[in-house]
Amino acid sequence: MAVHETSMRLKLPIVCIILEVILIILFAVLVTYDDDTDARKWHKELKANRTTNYENDFYYRYPSFQDVHVMIFIGFGFLMTFLQRYGFSSVGFNFLIAAFSLQWATLMQGFLHGMHHGKIHIGVESMINADFCTGSVLISFGAVLGKTSPVQLLIMAVFEVTLFAINEFIILSVLEAKDAGGSMTIHTFGAYFGLVVARVLYRPQLHKSKHKNGSVYHSDLFAMIGTIFLWMFWPSFNSAVTEHGDDQHRTAMNTYYSLASCTLATFGISALVNNEGKLDMVHIQNAALAGGVAVGTAGEMMLTPFGSMIVGFLAGTISTLGFKFLTPILEEKLRIQDTCGVHNLHGMPGILGAIVGAITASVASTNVYGDGMKDVFPNIAEGTFTPSGQGVRQAISLAVTLGFAGVGGVIVGFILKLPCLGSPPDTICFEDNIYWEVPGDEESHQELAQVQQGDVVSPLNG
Amino acid sequence: MAVHETSMRLKLPIVCIILEVILIILFAVLVTYDDDTDARKWHKELKANRTTNYENDFYYRYPSFQDVHVMIFIGFGFLMTFLQRYGFSSVGFNFLIAAFSLQWATLMQGFLHGMHHGKIHIGVESMINADFCTGSVLISFGAVLGKTSPVQLLIMAVFEVTLFAINEFIILSVLEAKDAGGSMTIHTFGAYFGLVVARVLYRPQLHKSKHKNGSVYHSDLFAMIGTIFLWMFWPSFNSAVTEHGDDQHRTAMNTYYSLASCTLATFGISALVNNEGKLDMVHIQNAALAGGVAVGTAGEMMLTPFGSMIVGFLAGTISTLGFKFLTPILEEKLRIQDTCGVHNLHGMPGILGAIVGAITASVASTNVYGDGMKDVFPNIAEGTFTPSGQGVRQAISLAVTLGFAGVGGVIVGFILKLPCLGSPPDTICFEDNIYWEVPGDEESHQELAQVQQGDVVSPLNG
Amino acid sequence: MAVHETSMRLKLPIVCIILEVILIILFAVLVTYDDDTDARKWHKELKANRTTNYENDFYYRYPSFQDVHVMIFIGFGFLMTFLQRYGFSSVGFNFLIAAFSLQWATLMQGFLHGMHHGKIHIGVESMINADFCTGSVLISFGAVLGKTSPVQLLIMAVFEVTLFAINEFIILSVLEAKDAGGSMTIHTFGAYFGLVVARVLYRPQLHKSKHKNGSVYHSDLFAMIGTIFLWMFWPSFNSAVTEHGDDQHRTAMNTYYSLASCTLATFGISALVNNEGKLDMVHIQNAALAGGVAVGTAGEMMLTPFGSMIVGFLAGTISTLGFKFLTPILEEKLRIQDTCGVHNLHGMPGILGAIVGAITASVASTNVYGDGMKDVFPNIAEGTFTPSGQGVRQAISLAVTLGFAGVGGVIVGFILKLPCLGSPPDTICFEDNIYWEVPGDEESHQELAQVQQGDVVSPLNG
């Protein structure tokens, strides 16, 4: 353990406090309430436009925001508790890096598309976008889960949020592609960024911690809390920042049917690829969610319910097959140790989602969208782009995302190799004990006490 | 195990994939976006009626939908995790059959009351109704929990959803009864259907699995996650499809007070019927919810807060007493093995709810409802029915529901006896291991390892 | 055990049933639907003011209500499951006393500020307020957790709700202070009331139950469910009863940033004060929430995002240091056995919140608030108070709250000492078994069986 200075006694406080102080200073200088959040400005608006409080964006978006918030903190956090002795870290580090990332994302996304007169204006929509960006970091966290210190994770978040915001800016503002649910910006980016980081951080001796790299009965149930909350609220995720009215409504519904279809595919394929025909919790926990990822781009479009179901079915199938057949290859041949299988849940379904989005965009027609075209594809409505032009921009956006994720992941991966960041040794990966005070287990102790007394005969009282 | 072909290797994939392909084809042919979800149609509406996006039904109902969704997937799923070694199946099969049922319910309910010009129009209200119908299937699942294969459950869902939709059509559209929270259509139907199926599937040798048919400490805590989410969101459940405005508001509030009162009754009676005056988790997990069931019909009516509290109090009392005194009789005398006690949570409180609804309807007066009568009882408002006529129709609806549940349950029960459906043998009921890859338990393994170092030799079964 | 009549066989049913019957009678006599909930009155309003259903307060507040509801029942309930063998009681008694308190609070708060023509008018806002008052009781529950019977807790709730309502009335209606998120009325009051009760109930022999007064691995994960739901929904808590429009929007956002900042402070300080630099779950579970408490008063004001972050940072720091250094002193010197550390999570951050509120109020200016002043500080807008006058009233409110909590806590503490209330003996505190039927633990039994077969001696590692 000589080379692994894993004590967080000074490192973590220093990093946390410095980062938070920087955030507070930048917020003080740069950030202000937007027109719907500021007392003076909103009341001026109320008077000027004879609008009512109901038109405040809060009522359009806050319920969706809270659903997204649950996905970020409960969904991602508990999904990763499947490891037998990494529950504290899964929920806890998820909590820490999410709390940091949402603040940092407010600034980075604000610089790039929320500036007015030198100030970043924030409200419920920026809060959703900050949570979205955070989601991307948490996906990458899934790839390196169990093998990184909280300081490494915070450093990763600093860079990943920045790159996320630039990539998002290029895709949404420069290329003017659509990606409301983030198939590209969130899922593809987060997954491939994380996978490349994991590749750079490859640990040839990781098998020394192999006995910890798996679930136990109760940890799988905790993970299902994460899965089910992610699954249920994904319709809110994909619809959270689409336009008001039919757009939010349609996106939520498309996602609902995509996920339902995906779930049937996942259960079917999971039983099929198991020698004994048994279901595998890893598939159910993860692949059943791929249907949400895969309609992240096209969900707001007129994908139709059955179209959504086809996409969901494909996503569930690909994802389950990925867990079964691709993950071992990634590890053995490509040396990518993808703890949570983010390639199967976010990577491939994200790419599928980008492709579906490009195809759906390229067949958009006024017959189908009517006046609603201006909400979904404003450039097509205005005649600036043809539908196929929009489709091409969608496809380019996927390529840009993969490029950013790859190059960014390499650079950040090497930064994270700095020995001062306190990564765990190969022998103590997937283990809370290294960064947390872990209590003893009561039953163990009780039995220990009795066992130590010699030949125990008295029954344990419940 | 010769007669129990429990391997799901081919059965489950075939059933899942065939069902999903049929669903996709039927959706392609029959289903389309409704006026609030379709880009063209909504924007036409916006223009024609000078309405605003806020009038989109999404904003009236989506938060309630999400609460209902949580009840279906987390609530029902985790409520059933109380069994010590059936948590994967409880949450997992709940997930599977719910994901199937909501799609199938969209079609079945659409056929019967969502068709316009040969197409089923769907939006957030149909999504809620599909979740409601799914809830009914999950109630029946509770009666047969631990004794059925996932293929049996899917087959049951196919038939039950169909029967549910027909029964619902007769009650709401033919008899024009009111049942917004589904005391009859969801709870009474689901419970008695499931109980009759359980009767047909009676296993005289079930005691061979008796040691698995109970909870352990942590499984009871997981179950409380389900209980509490059901309890909290029941006001949303009952109000999700009532009319906008005072109706949704009043229904939510009546349910809130009914549940609170029910909880006190449950705790009180639970301690009273225990020899040592100790509380029983089974009662708290289940009977405390009966207050939501029992105001499912009358919740939207002018039941008054104290009326709701009386109903809740009765429901909690009946339900707790049912668990204590009736469940053993059902099992021994009537040969109904009701794993979750759905008769106590959904059956009797559902009937109580139907009766309360009939009485409350029969005393409806314009003095009390004013112009709101047209929302709650349109037929009374228009003079088509007298209040007592409405009450009679409510009562007939209960009888119809019991008839459908009984006859349907018998038929479906016998279908589920087909040996090819892979039901578990009597010796391996209430056990995840038969359909799931179950990880070893860390402590077990650790201790096993140590135990094996001593003179203990018999292996722990996983 | 002679002096501890802990059987609940008669006590609990009698108390539950009498209380519920009293509640039902008082509701029958005094409570009625408000204008937004009553069928006749709302439809009259619709007609008279040409308003739409969307203006019904249900749509402004119900999503926030549900979030608050989750905090009360899941948040508080699971937060307290950290104890190894007190999970049933934590979730269960939380459930019981919350279900009682919300009904009783409806009456007590209604008497004092919801009476119209001799009737208490109720709707979604009164439901939120009832949940808020309940929150205060649950905070006090945290101080006495593990050392009280359910009958004691119900008696405590009867008195505490009453005192809460009076204190709230004095602060909000007499002093006309602002406290929408309840830094003073909920958190400071609940914490100090509970601490004083804990002082009166001091148990010198509590060390006899010391081995139960701690967590195990899985119980800490259950507690994190509570923590994370509290953390996520705190923005809804603080904004639930603020004015519509910018006020709700701004309050939610301020709370969001305060909590994020608080979380970084908590992680940093937690590692810093640990000898090995390890994180402590107690801090993460609790102190990370202090940021929500500390903007309970000022959250609706123009605190600015960076101001909120500073407050959150201070709250997380104070709270973590309190757990580390102050809790042992409270126990040893002041004889206050504060099971959950409510002094650190609710007490000190509540006082901080009150001070921040007083300061922020005293610098309010029309430049900043514009016409929005009348929503946040109606008395300043009307010229009745100066900003500094408002600030002074805020400060006086804190003193009043501390006085009520202290005096009330002493009186109620002595009432709770009545031996007939069934408190547990010192040797069986923090133990579900005394009030609950507790199932045996499967693994324990299995292993016990095996252990008994041989003479295993090697110690189990935790």
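The values are calculated or read from the model by the stated rules, or taken from the named source; none is laboratory data. Quantities reported herein were computed from a predicted structural model and do not represent experimental measurements. Ideal geometry is used to build each Cβ from the backbone, glycine not excepted, and the neighbour counts take in all protein chains shown.
Structural remarks
- Selected residue [buried (at least 24 other Cβ atoms within 10 Å of the Cβ), of a type in the set (Asp, Glu) and either within 14 Å of B:His346 (Cα to Cα) or facing chain C (nearest Cβ under 7 Å) (or both)] from B:Asp246, B:Asp280: B:Asp246
- 1 or more residues more than 8 Å from every other protein chain (Cβ to nearest Cβ) and surrounded by fewer than 18 Cβ atoms within 10 Å (Cβ to Cβ): qualifying helices (runs of 4 or more DSSP H) within region B:1-84: B:11-30, B:39-49
- Residue match in region C:188-207 (condition: under 30 Å from C:Gly372 (Cα atoms) and over 20 Å from the mean Cα position of the chain (by Cα)): no
- Filtering region C:85-126 to residues that are more than 9 Å from chain B (Cβ to nearest Cβ) and outside any helix (DSSP H, G or I) leaves C:Tyr86, C:Gly114, C:Met115, C:His116, C:His117, C:Gly118, C:Lys119, C:Ile120, C:His121.
- Restricting region A:146-187 to residues that are out of contact with any Gly (no Cβ under 6 Å at 6 or more places or on another chain), assigned to a helix (DSSP H, G or I) and among the small types (Gly, Ala, Ser), the residue that is surrounded by the most Cβ atoms within 10 Å (Cβ to Cβ): A:Ala157
- Restricting region B:17-75 to residues that are within 24 Å of C:Asn53 (Cβ to Cβ) and small (Gly, Ala, Ser) leaves a set whose member that is nearest to the chain's Cα centre (by Cα) is B:Ser64.
- Test result for C:Ala198, touching a Leu at 6+ places or on another chain (Cβ under 6 Å) and in contact (Cβ under 8 Å) with a residue 40 or more places away in the chain: no
- Residue in region A:245-262 that is among the hydrophobic types (A, V, I, L, M, F, W, C) and farther than 27 Å from B:Phe78 by Cβ present: no
- In region C:340-367, residue farthest from C:Leu79 (Cα to Cα) [restricted to those that are hydroxyl-bearing (Ser, Thr, Tyr) and part of a helix (DSSP H, G or I)]: C:Thr366
- Total residues in region B:258-275, condition without any contact (Cβ under 8 Å) to a residue 12 or more places away in the chain and surrounded by fewer than 24 Cβ atoms within 10 Å (Cβ to Cβ): 3
- Total residues in region A:111-141 satisfying the condition of being within 19 Å of A:Ile25 (Cβ to Cβ) and crowded, with 24+ Cβ neighbours inside 10 Å: the figure is 3.
- Residue pairs meeting the criteria (Cβ under 7 Å; at least 6 apart or on separate chains; first within 9 Å of another protein chain (Cβ to nearest Cβ), in region C:291-318; second of a type in the set (Phe, Trp, Tyr) and surrounded by fewer than 24 Cβ atoms within 10 Å (Cβ to Cβ)): C:Met302/C:Tyr369
- In this entry, A:Gln285 passes the filter for residues that are touching a residue at least 12 places away in the same chain (Cβ under 8 Å), surrounded by 24 or more Cβ atoms within 10 Å (Cβ to Cβ), more than 8 Å from chain B (Cβ to nearest Cβ) and in contact with an Asp or Glu (Cβ under 9 Å, 6 or more places away or on another chain).
- Exactly one residue out of A:Gly350, A:Gly372 is touching a Lys or Arg at 6+ places or on another chain (Cβ under 7 Å) and surrounded by 20 or more Cβ atoms within 10 Å (Cβ to Cβ), and it is A:Gly372.
- Meets criteria (more than 10 Å from chain A (Cβ to nearest Cβ), in contact (Cβ under 8 Å) with a residue 60 or more places away in the chain and either among the β-branched types (Val, Ile, Thr) or farther than 21 Å from B:Thr297 by Cα (or both)) for B:Val137: no
- All positions within region A:359-383 that are over 27 Å from B:Ala48 (Cα atoms) and of a type in the set (Ser, Thr, Tyr): A:Thr360, A:Ser362
A quick yes/no check of all residues on (1) among the polar types (S, T, N, Q); (2) under 25 Å from C:Gly322 (Cβ atoms); (3) within 14 Å of chain A (Cβ to nearest Cβ):
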| site | (1), (2), (3) |
| --- | --- |
| C:Gly353 | no, yes, no |
| C:Val368 | no, no, yes |
| C:Asp375 | no, no, yes |
| C:Thr384 | yes, no, no |
| C:Ser388 | yes, no, no |
| C:Val392 | no, no, no |
| C:Ala399 | no, yes, no |
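- Residue count for region B:314-339 under the criterion of being of a type outside the set (Asp, Glu), assigned to a helix (DSSP H, G or I) and surrounded by fewer than 14 Cβ atoms within 10 Å (Cβ to Cβ): the result is 3.
- Candidate set from region B:188-212 (those that are surrounded by 19 or more Cβ atoms within 10 Å (Cβ to Cβ) and polar (S, T, N, Q)); member that is modelled with the highest pLDDT: B:Thr188
- Any chance B:Tyr192 is in contact (Cβ under 8 Å) with a residue 24 or more places away in the chain and either more than 20 Å from B:Pro349 (Cβ to Cβ) or not in a helix (DSSP H, G or I) (or both): no
- Residues that are farther than 15 Å from B:Gly299 by Cα and assigned to a helix (DSSP H, G or I) within region B:369-386 comprise B:Gly370, B:Asp371, B:Lys374, B:Pro378, B:Asn379, B:Ile380, B:Ala381, listed in sequence order.
- Those residues of region C:383-422 which are of a type in the set (Gly, Ala, Ser) and out of contact with any helix residue (DSSP H, G or I) (no Cβ under 6 Å at 6 or more places or on another chain), in sequence order: C:Gly383, C:Gly389, C:Ala399, C:Gly403
- Set A:Thr227, A:Thr251, A:Thr255: member being touching a residue at least 12 places away in the same chain (Cβ under 8 Å), more than 7 Å from chain B (Cβ to nearest Cβ), over 30 Å from A:Gly409 (Cα atoms) and part of a helix (DSSP H, G or I): A:Thr251
- Residues that are acidic (Asp, Glu) and touching a residue at least 12 places away in the same chain (Cβ under 8 Å) were ranked within region B:419-440; the one that is farthest from the other protein chains (Cβ to nearest Cβ) is B:Asp426.
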